[in-house]
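The values are calculated or read from the model by the stated rules, or taken from the named source; none is laboratory data. A quick note: this is a predicted structure, and the numbers were derived from the prediction, not measured. For neighbour counting, all protein chains shown are included, and Cβ atoms are generated from backbone atoms with ideal geometry for every residue, glycine included.
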Amino acid sequence: MTTHRKALFVLLTAFAGSALAHSGAKHKHQHNHDAHVHGVAQLDVLGQGNRVSVSLESPLFNLLGFERTPKTQAEKLLAKRAVSNLRSDNNVQFNPQAGCKMVDAVLNSAELNPSQGDEPSDDGHAEFWMRWEFECDNPKALEALEVKLFKQFPRFTELRAQLVLDGRQAGARLTPSNPIFKLR
Ligand SMILES: [Zn+2]
């Protein structure tokens, strides 16, 4: 975990309510490319009350296979489809008993969404940050999060997952053959 991410996670943990309330806030930070490994990404699940936020911080490679602004028509089409897919609600799914539905999806990427993203990096690497927000009718029934991202985007090989649910913390390493994050 990068220093920035630790700080963010602590912040989210401490101020979960206000962080969720400010879901549209811009995400500005310094990347630490020591932790940037193609195929690997970080997944944070933060739940409080009936709101659950799932954040993904990943090398852009995992989404597109390259790490720069799309140039050719084919690359632009690929990126457009990837973004549309990423914003949909079929990448992370909670067990149905919890009755969760996606209420917001925020993508932060200088390469894919220049008006919102950080400054493009000049070291040949790029990352993106994605957050899905859910409202759950029955949060007490939250038991598992299935990560379908692996199927949508096969370049993801490992997710380092962290959970803070009603103040309780847990972690797991998720892979295409082990895509279910147990929340209890
Ligand atoms: Zn890279």
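Here is how the numbers come out for the structure above:
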{"read-out": "Every pair of residues 6+ apart whose Cβ atoms lie under 6 Å, when the first sits in the range 90-111 and is under 30 Å from residue 72 (Cβ atoms) while the second is assigned to a strand (DSSP E or B) and among the charged types (D, E, K, R)", "value": "106/131"}
{"read-out": "Pair list, Cβ under 9 Å, 6 or more apart: the range 153-167 residue acidic (Asp, Glu), other residue in a loop (DSSP other than H, G, I, E, B)", "value": "158/37; 158/39; 158/176; 166/49"}
{"read-out": "Failed item, numbered, when residue 56 is tested on (1) surrounded by fewer than 16 Cβ atoms within 10 Å (Cβ to Cβ); (2) within 16 Å of the ligand (Cβ to nearest atom); (3) within 30 Å of residue 167 (Cβ to Cβ)", "value": "(1)"}
{"read-out": "Unmet criterion (only one of (1) within 13 Å of the ligand (Cβ to nearest atom); (2) at pLDDT 95 or above; (3) of a type outside the set (Lys, Arg); (4) more than 16 Å from the chain's Cα centre (by Cα)) for residue 79", "value": "(1)"}
{"read-out": "Residue check for residue 75: charged (D, E, K, R) and either at positive phi or in a helix (DSSP H, G or I) (or both)", "value": "yes"}
{"read-out": "Any chance residue 63 is surrounded by 16 or more Cβ atoms within 10 Å (Cβ to Cβ) and within 16 Å of the ligand (Cβ to nearest atom)", "value": "yes"}
{"read-out": "Close pairs (8 angstrom Cβ cut-off, 6 or more residues apart or separate chains): under 21 Å from residue 149 (Cβ atoms) and modelled with pLDDT under 65 in the range 116-132, more than 9 Å from the ligand (Cβ to nearest atom) and in a loop (DSSP other than H, G, I, E, B) anywhere", "value": "116/26; 116/109; 117/109; 117/110; 117/111"}
{"read-out": "Pick from the range 90-102, criterion exposed (fewer than 14 other Cβ atoms within 10 Å of the Cβ) and at pLDDT 95 or above, ranking: nearest to the ligand (Cβ to nearest atom)", "value": "101"}
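One line per residue, one yes/no per condition, for (1) crowded, with 20+ Cβ neighbours inside 10 Å; (2) more than 26 Å from residue 37 (Cβ to Cβ):
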residue: 130; (1), (2): yes, no
residue: 137; (1), (2): no, yes
residue: 149; (1), (2): yes, no
residue: 153; (1), (2): no, no
residue: 157; (1), (2): no, no
residue: 167; (1), (2): no, yes
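Residue-wise test of (1) over 22 Å from residue 45 (Cβ atoms); (2) at pLDDT below 95.
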{"site": "74", "(1), (2)": "yes, no"}
{"site": "88", "(1), (2)": "no, yes"}
{"site": "142", "(1), (2)": "no, no"}
{"site": "145", "(1), (2)": "no, no"}
